[in-house]
Amino acid sequence: MRGTLIVSAHGSDEQMEARLLLVRINSVLQFVLIFLTIIRSYVHASTTGQAGYVDKYITKTYFEKHDSLIDPEFDNFIANEIPLTLCKVLEDGNCVLPTLSNLHRSVIGEGSHRHLSSSIIFKFQPELKIKLVAHSCEVIMTERLPSGVFADPFELQHLVQRGVFSDAAVFGDTNLELPSFRSNRSVVEIHMSIGSKMLSRHHDKFEINCEVPLHARYPPLGLGFSRVEFGQPDLFMCCSLEVNGFKRSCAYLPTNNISDYKASPLAWEIPCGIREHAGVVSAITYCFALVSALLIVVLSFCYTDNKGSSKPKSL
Amino acid sequence: MPGISFQSLFIFSALFRVFLIIYGEWQDANMEVRYTDIDYFVFSDAATLMASGKSPYERSTYCYSPLIAFLLMPNSFLHQTWGKFLFSASDLLVGLLIHRILKLRGVPEKLCTYSTMVWLFNPFTFTIGTRGNCEPIICSMILWILMCLMNGHVLQAAFWYGLVVHMRIYPIIYALPIVLLLDPQHFQPGKKPVLVEWSSRALKPSSATSSSKTSITQYIWNFCINMITWRRVMFGIISASTFFFLTGLSFHLYGWDFLHEALLYHLTRTDPRHNFSIYFYHIYLHYEHEFSILEKLISFLPQFIVQLVLISRFALDLPFCLFLQTLAFVAFNKVITAQYFVWFFCLLPLILPWSNIKLVWKGLACIILWIGAQTNWLAWAYLLEFRGKNVFFQLWVASLLFLAANTFVIINTICSHLYSPLFQQLKQGGKLKQGYERPTAEPL
């Protein structure tokens, strides 16, 4: 009995120690988890410039983490991963920013090279005018291009050099040669400064017009034309703070309350190859090439070099 | 026709090109549509990257040898027009070399000048250099190789040949005719090869030596039997060494990016976008699936057969052979862009003095048909690309017509040509094997 008691007492001690050990391990694990979470958020903040600030290009961060553009993931990126801290930084208690009053979109031009035109009207409170100019605020528009069209990054740079935009970049698939079924989507990011000239035109609103040159890829084969539809752009207001140098803070300006897009989605009809042509085109192409080659071959063999009797050319 | 001195012509051409370069800068700065070719910006950006120690292949769509970017490095620290001046200078050099080659072959000065004008005043050629396209450099190297061969400088020709194939793949098609030409009957130890004079093009081979006339078939037979000669071996070794050295060095510096962009891309390029080739629509209609080996062979066969036959028939008349080969190569290629035309434009003046084709009407017919077929294609391409009409089928038919026009030009060129081997055949000991009877009256 006594031995059993001793064994029982020892057994209890071991169980206690095991429990204590488990508790300690649990605490350490929780601590590590919290530590990793803090590190992760710090690293995440670092990749977006610094904590609370946005790097030069908003879209660049998305493509550093993702290989291709997927709409739900990009929506999630905007909603949760971009530090939209403009109001906080401006220390504006009411957070009064310009609001989107109207957004009119159209595709201008004909053929494979067109412009995506966006006319954006903002309303703002007059007291905000000084802040917008003082903090070098700009509107950033990210255009998620549908599969089938692309923007030429070098063409956009040329427009930046000419002062049409303050900055522009393309992210995603920028291969200019591939047809649409061999390429991925891309995002165009356009930066437009809000200058004092723009703000002085009206008392309480300003308008931004943006025309982005786009080019059509060769679409998949079909019956004649392939339809490409554009979604709404994502609009941000970003401002720089003199105190913090190049650090910028941004705010998202929702566009889903603008009825223009809901009425009729923006579309571009691109001519496509007709599948039924395949057999005829291939057969005739091969035959034509072969016949032309044979003509040259036959003539070459029939050619004689005994041309000495021919009257040579005179001047 | 009033005489025009080559010197005045050359100076005028040079000044005109300088004017175009300056005008191009003005247009780029002041107009929406730029004068400068988009490729020039690609070269310049690649050169800037190279100048800052980076790979030129970081510039997307740069698919050339790093040598091109190297040549344009002064764009970043001298002036952005450096490259245009370099390409235009090469363009003028082509004119100079055309004139020299024709003079070497005994063509009269007047005919030399008029033939050279076909290059110097071709709107295509004077815009291509001034807009910033690098093809004039390649053309000048091809002509320099020809001149080296004519002067008996085989090893020098081999070096430049290796270099030009590294820069542009297409001159590889010239390998066989050049090697055929390096026959011991033309090149003998210690002696320069003897060129066949232009004035003898109206002559028949003398009857006394007709029994010893060596036909092209005999040359090919001799080639097969006596393939291994010192000159052929040295030409092969030096050109291959130059090519592999430059390619190896570029690969060492820039890795697989260089190999893929500068070599493999051109060898395997099948662009489904519309271009002058008859294959573009066929490629687009089948782009969703890979072509079988048989389909690839069938599409390669016409080009291969034509090249082989042209070489076997005309290799000894090297300038003529190179012209026909280049024109046929471009016409039957899977991708044809307008800049490829320069490849045979630079060889055209070299064959004109030997052509019997009358400007009125056969010559005009060739010109009108060729330009007309091109214009027809461009009109449909405009409707497709700039008006958004579905005219793929009509555009493809236009490309068939363009191939037909090219075939017509090739056939007429062959029919009108006075075959004239580049070199005279030599006996052992350097004596002429084949002489030519002079006509009683000079044709000019």
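The values are calculated or read from the model by the stated rules, or taken from the named source; none is laboratory data. What you are looking at is a predicted structure, and each value in this text was computed from that prediction instead of being measured. Glycine also receives a Cβ, built like all others from the backbone with ideal geometry; neighbour counts cover every protein chain displayed. In case anyone asks, the SASA skips ligands and DNA or RNA and just uses the protein heavy atoms, side chains included. Shrake-Rupley method; radii C 1.70, N 1.55, O 1.52, S 1.80 Å.
What tally of residues in the stretch A:267-300 results from selecting those that are part of a helix (DSSP H, G or I), more than 7 Å from chain B (Cβ to nearest Cβ) and more than 19 Å from B:Phe291 (Cβ to Cβ)?
Number of matching residues: 4.
Among residues belonging to the stretch B:196-230 that are modelled with pLDDT of 75 or more and surrounded by 18 or more Cβ atoms within 10 Å (Cβ to Cβ), point out the one that is nearest to B:Leu149 (Cα to Cα).
For the stretch B:196-230, the residue satisfying everything is B:Val196.
Looking at this structure, is B:Ile336 touching a residue at least 24 places away in the same chain (Cβ under 8 Å), within 14 Å of chain A (Cβ to nearest Cβ) and in contact with a Gly (Cβ under 9 Å, 6 or more places away or on another chain)?
No.
Among the numbered criteria (1) at pLDDT below 85; (2) over 23 Å from the mean Cα position of the chain (by Cα), which single criterion is violated by A:Gly111?
It is condition (1) that A:Gly111 fails.
Would you confirm whether or not the stretch B:191-202 contains a residue that is in a helix (DSSP H, G or I) and either more than 14 Å from every other protein chain (Cβ to nearest Cβ) or within 20 Å of the chain's Cα centre (by Cα) (or both)?
Taking every residue of the stretch B:191-202 in turn, none turns out to be in a helix (DSSP H, G or I) and either more than 14 Å from every other protein chain (Cβ to nearest Cβ) or within 20 Å of the chain's Cα centre (by Cα) (or both).
I'd like to check something: does the stretch A:105-122 contain any residue that is open to solvent by 50 Å² or more (accessible area, probe 1.4 Å) and more than 13 Å from chain B (Cβ to nearest Cβ)?
no
Conditions first: (1) open to solvent by less than 40 Å² (accessible area, probe 1.4 Å); (2) at pLDDT below 95; (3) within 23 Å of the chain's Cα centre (by Cα). B:Gly388 passes all but one, so which condition is the exception?
(3)
Looking at (1) hydroxyl-bearing (Ser, Thr, Tyr); (2) assigned to a helix (DSSP H, G or I); (3) out of contact with any helix residue (DSSP H, G or I) (no Cβ under 6 Å at 6 or more places or on another chain), which is the one condition that is false for B:Thr407?
(3)
Could you list all residues from the stretch A:227-262 that are open to solvent by 30 Å² or more (accessible area, probe 1.4 Å), modelled with pLDDT under 75 and closer than 21 Å to A:Asp75 by Cβ?
A:Asn256, A:Asn257, A:Ser259, A:Asp260, A:Tyr261, A:Lys262
Report the residue count in the stretch A:160-191 for those that are part of a helix (DSSP H, G or I) and modelled with pLDDT under 90.
The qualifying residues number 4.
Being within 20 Å of the chain's Cα centre (by Cα) and hydrophobic (A, V, I, L, M, F, W, C) is the requirement here; does B:Ala89 meet it?
Against the criterion (within 20 Å of the chain's Cα centre (by Cα) and hydrophobic (A, V, I, L, M, F, W, C)), B:Ala89 qualifies.
Taking the criterion of being open to solvent by less than 20 Å² (accessible area, probe 1.4 Å), modelled with pLDDT of 90 or more, within 14 Å of chain B (Cβ to nearest Cβ) and in a strand (DSSP E or B), would at least one residue in the stretch A:194-214 satisfy it?
Among the residues of the stretch A:194-214, at least one is open to solvent by less than 20 Å² (accessible area, probe 1.4 Å), modelled with pLDDT of 90 or more, within 14 Å of chain B (Cβ to nearest Cβ) and in a strand (DSSP E or B), which makes the answer yes.
What do you reckon, is B:Ala328 within 12 Å of another protein chain (Cβ to nearest Cβ), within 15 Å of the chain's Cα centre (by Cα) and in a helix (DSSP H, G or I)?
yes
Charged (D, E, K, R) and within 11 Å of chain A (Cβ to nearest Cβ): is that true of B:Lys362 in this structure?
Criteria not met by B:Lys362.
How many residues does the stretch B:253-302 hold that are within 11 Å of another protein chain (Cβ to nearest Cβ), at pLDDT 90 or above and either under 19 Å from B:Cys63 (Cβ atoms) or open to solvent by 20 Å² or more (accessible area, probe 1.4 Å) (or both)?
4
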